[in-house]
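Remarks on the structure that follows.
The values are calculated or read from the model by the stated rules, or taken from the named source; none is laboratory data. Just so we're clear, the structure is a prediction, and the values are computed from it rather than from any experiment. Cβ coordinates were reconstructed from backbone atoms using ideal geometry, including for glycine residues, and neighbour counts include every protein chain displayed. What goes into the accessible areas is simple: the full protein's heavy atoms, side chains included, and nothing from ligands, DNA or RNA. Shrake-Rupley method; radii C 1.70, N 1.55, O 1.52, S 1.80 Å.
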Amino acid sequence: GVQTCALPIFIRSKQGMTLTPEGEKVVAECKKISEHINNIYQLSIVHAHRREEVTGQLKLSICFGMGHTVLTQILSTFQKCYPHIALSVSEKAITQVLHDLQSNICDIAFLYCSDNLVFQEICEKYTSDALSTEEFCALIKSDHKLSDHSAVSLEQISKYPVAIYGLDDMLKSEDRTLNDLFFGLGLDFNVVFRSNDILLFKNHLLETNSVGVTPEIIASSIPQKNELVQLRILDRLNLMLRYFYDPQSDNVNLTRLFIEITHKCLHVPLSQS
């Protein structure tokens, strides 16, 4: 028979759960297995879609941080499927991505957004679909006073200077997405640093007492080693990752090829709308 043994993976405390040394090894091995499975799945997509004869150019505008995370595998898989389609990708602030979409500068826009009126109006004009919900997390240096916690509340975060990465323009534009998320809670946040540069953001956290706040998927792309600690935020705080494109565009056929690959890579059913 198969032998089994008890292996402690988590340590429970009043601050939440943390991984044991054995748990960290288990998580690392699980990540390797997941990566291998995902690579096999990507190969099956390429085999099913490879079309040497399709040519053209496709322009994407994406939010800061996406180029390091969610779109990396999608871009690679698409280029293997359609090697003669030239891809042009611009990573910009959210308001600039919106401008590219509305000015027909890009074929597809990938945005972090909420369900506020600004994005509802865009959804009425463009074809759009939600790909995932991105939870926020906190990042602090390893010797920060909060480093013994595995999770923190927004009230705890509000007692420290706050740094924002990747979404800073949403705090100073007419779109009130982050204003609603943060300042609508009745807490007094002191946002002292905003950046769309990963290295600057990381260095700020290492040199100050600030608490960094950013979506988890972006935080995972920041080299942390043992310098930074990632904490779960207890309060519900998230944004939706969506794409938008003009269904009347002259380039809509190539656009839909990219959208199809995007959905398959992320295991998200393609909407029939």
Test of understanding: among ASP168, ASP175, ASP148, ASP188, which residue is at pLDDT 85 or above and either crowded, with 18+ Cβ neighbours inside 10 Å or under 27 Å from LEU228 (Cβ atoms) (or both)? ASP148
How many of the residues in the range 145-163 are in contact (Cβ under 8 Å) with a residue 40 or more places away in the chain and either hydroxyl-bearing (Ser, Thr, Tyr) or in contact with a helix residue (DSSP H, G or I) (Cβ under 6 Å, 6 or more places away or on another chain) (or both)? 5
Given (1) touching a helix residue (DSSP H, G or I) at 6+ places or on another chain (Cβ under 7 Å); (2) part of a helix (DSSP H, G or I); (3) at pLDDT 90 or above, index of the condition GLN73 fails: (3)
Residue hits (the range 238-251; out of contact with any Phe, Trp or Tyr (no Cβ under 7 Å at 6 or more places or on another chain) and modelled with pLDDT of 90 or more) are PRO247, GLN248, SER249, ASP250, ASN251
Quick one: how many residues across the range 241-268 are more than 18 Å from LEU75 (Cα to Cα) and open to solvent by 50 Å² or more (accessible area, probe 1.4 Å)? 2
Return yes when GLN230 is modelled with pLDDT of 85 or more, surrounded by fewer than 20 Cβ atoms within 10 Å (Cβ to Cβ) and under 23 Å from GLY67 (Cβ atoms) and no when it is not. yes
